[in-house]
1. If each residue's Cβ is checked for other Cβ atoms within 10 Å, how do S192, S128 rank with the fewest at the top?
2. May I ask you to list the trypsin sites (Lys or Arg not before Pro) in the stretch 4-38 that are in a DSSP loop and have at most 15 other Cβ atoms within 10 Å of their Cβ?
3. Could you estimate the translational diffusion coefficient of the stretch 148-220 from the Stokes-Einstein equation, with Rh from the Kirkwood formula over C-alpha pairs, at 37 °C and 0.692 mPa s, in whole µm²/s?
4. Ordered by residue, what ³J(HN,Hα) values in Hz, to whole numbers, does the stretch 165-172 give under the Karplus form 6.51 cos²θ - 1.76 cosθ + 1.60, where θ = phi - 60° and Gly and Pro are x?
5. What trypsin sites (Lys or Arg not before Pro) in the stretch 54-137 are in a loop by DSSP, with at most 13 other Cβ atoms within 10 Å of the Cβ?
6. Can you show me the helix-derived [θ] at 222 nm for the chain, built from DSSP H runs with n ≥ 4 at -39,500 (n - 2.57) apiece and divided by the number of residues, rounded to the nearest 500.
7. Taking amide hydrogens as modeled 1.01 Å from N in the peptide plane, which residues meet the under 5 Å criterion relative to I54, leaving out close sequence neighbours?
8. Between their Cα atoms, which of K3/K72; K106/K208; K3/K106; K174/K196; K106/K185 are more than 31 Å away from each other?
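Laboratory data are not the source of any read-out in this text; all were calculated from the coordinates shown. Because the structure is predicted, anything quoted here is derived from the model rather than measured. Quick reminder, even Gly has a Cβ in these numbers, built from the backbone with ideal geometry, and neighbours come from all protein chains shown.
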Amino acid sequence: MAKIAVFVADDHSIVREGLREMLARSKDLALVGVAADGEVAVKEIRRLQPDVAILDIAMPMVSGLECIPLIKKDSPGTAIVILSMFAREMYVHQALSAGAHGYVLKTAPWSEILEGVKMVAQGKYFLSREINSELIRGYLNNEEQKSAESSRYDMLSDREQQIFRLVIEGNPTKRIAELLCLSPKTVEKHRSNISKKIGMSEPLAMLKFAMKIGVADPDLWPDS
């Protein structure tokens, strides 16, 4: 029986190498490609048409969430698993609504990640056990209301959220304009709108805000 073809996209080399080793030890799975950012991932998945794509949720250029509809359009036979450090219900809902079949935490054991890949390859859905527990606990405790900080972030449009992420990663306006094929003036307008909606404009304050609501990798915090 043919092995399940898997593509991995994550901007952290240690994660890519860990997944590479895990897949190499599996008799049922085969790694067919890797990428360090979302833009390359979409292009390579379109070319390779793998059975399963494992995507980090927070990647440069194009995020994992933004990749999902692009991949579903160009490679409809590819099942998508989001691999993330964020267990927030909002992200799980966004991923599944966009077309992902699985959502697995980076803290999950390798065996759970393998199980998730195999499940989605069969057309089934899979969530990390920890996420399932959190979702059930949230519903039982009626914790569906978002915090004031999360509500402010949710007010941002998709484009504004994309620019917000690039800002907290340390990209200046000119670089953001190049990455998104926009004019610097348009980027500045978006940044102004973002500042008004979230109530801050300094990149470091924005990064602290993003980490507080769980939309930024703690590794982004500058060393003292």
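1. Least to most surrounded, the residues fall as S192, S128.
2. R25, K27
3. 270 µm²/s
4. 5, 5, 5, 6, 7, x, 7, x
5. Filter output for the stretch 54-137: K124.
6. -16000 deg cm²/dmol
7. Long-range HN contacts for I54: F7, V8, A9, V81.
8. Pairs exceeding the cut-off: K106/K185.
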